[in-house]
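Worksheet for the structure shown next.
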Amino acid sequence: MWATRSVVQGVRASAVCLSADRHVHRPWVTEGIVGDVSGPYLLCAAPSSLDVRRFWYTSALIKMGDRILQLGLPLREPPRHGGPRPGAGRKPSGRRVGVPHRRRGRHLARHPVHVTMRAREGLPSLRSDRLLFEAMRNSIAASEKGDFRVVHFSIQSNHLHLIVEATHEQALSRGMQGLSIRMARAAHRALGHGGRVFSDRYHAHQLETPRETRVALLYVLQNWAKHGRGGDYDPRSSAVWFDGWSRPPPSADEEPIVSRPRTWLVRVGWRRHGLLRPGERPGALRRPVNVTG
């Protein structure tokens with residue numbers, strides 16, 4: 001307890017300083033040290049807040065005794081050769097990057113959506129294998145719901161392009177999820193075994209302007225010209241049911257398996273920039289798609 005009393009005395013005595021000019025009587029200043037003092041002492045200032053903090057800090061140390069707290073510093077990981085390390089290895093690029101797993105943007109019912117679905121490597125061609133083609137085609141035909149529909153499509157060797165419409169975000173998500181599951185099950189029946197069918201999440205690009213919609217329609221219906229010689233009307237697409245050609249195709253023998261579009265952009269808006277010409281080759285999309293094809 002003597003140490004605490006000395007600290008108190010030091011705090012109180014810090015308020016007193018010598019001066020030969022004035023005689024000031026401050027009995028409370030030196031109380032507990034030498035008693036009542038009258039003489040050449042001048043009160044300079046009351047104990048400061050810093051002195052008070054020092055007092056309480058010193059009191060706490062005295063009460064703690066020898067119990068000194070030590071901070072544990074993180075030790076550096078010892079060097080090692082080989083093995084997994086955070087951030088090690090070559091970073092993926094190109095197609096291996098895939099579709100980022102982030103939340104998709106807000107979807108509005110008036111905007112159609114261009115969807116790209118890529119099959120995994122090792123599968124037969126979706127376009128030339130008859131059973132796989134029929135599996136994809138029949139799945140598209142059975143995909144129409146009250147709030148989700150496929151209005152155009154094309155099937156290529158290792159990917160599909162779709163133009164879909166949905167009334168809201170949940171309808172788009174549920175519709176694409178149901179379509180993907182339906183296609184996977186149909187592909188399993190065609191192949192005679194299970195396994196993964198699509199290599200990644202589907203890529204969705206929302207169409208917002210008439211020009212952008214025309215570019216997407218041409219890109220989907222004439223995608224075979226991008227990957228080969230092409231021609232007037234792709235038999236592995238919904239081109240025969242499309243009514244926006246400058247020269248109409250021969251009438252199809254079967255009923256359309258795609259739904260009639262309801263959005264203004266697909267029905268009317270895109271026509272402001274001219275009808276599609278048979279054999280017209282697709283150009284680059286307005287916004288780049290990170291899935292080739």
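The values are calculated or read from the model by the stated rules, or taken from the named source; none is laboratory data. In this text, all values refer to a predicted model and were calculated from it rather than measured experimentally. Methodologically, a virtual Cβ is constructed for each residue, glycine included, from the backbone with ideal geometry; neighbour enumeration extends over all protein chains shown.
Descriptive notes on the structure:
- Hits in the stretch 258-293 (condition: in a loop (DSSP other than H, G, I, E, B), of a type in the set (G, A, S) and at pLDDT 50 or above): S259, G274, G279, G283, A284
- Residues that are in contact with a helix residue (DSSP H, G or I) (Cβ under 8 Å, 6 or more places away or on another chain) and without any contact (Cβ under 8 Å) to a residue 40 or more places away in the chain, drawn from the stretch 155-194: G194
- Within the stretch 233-259, the residues that satisfy the criterion of being under 19 Å from R149 (Cβ atoms) and surrounded by 11 or more Cβ atoms within 10 Å (Cβ to Cβ) are S237, S238, A239, V240, W241, F242, G244, A252, P256, I257, V258, S259.
- Set G244, G192: member being at positive phi and assigned by TED's automatic domain parsing to the domain that holds E165: G192
- Scanning the stretch 223-243 for residues that are in contact with a Ser or Thr (Cβ under 9 Å, 6 or more places away or on another chain) and under 18 Å from I140 (Cβ atoms) yields a total of 8.
- Selection count, the stretch 220-232, where residues are surrounded by 21 or more Cβ atoms within 10 Å (Cβ to Cβ) and either closer than 13 Å to P278 by Cβ or at pLDDT 95 or above (or both): 4
- Boolean, E212 is in contact (Cβ under 8 Å) with a residue 12 or more places away in the chain, not aromatic (F, W, Y) and not in a helix (DSSP H, G or I): no
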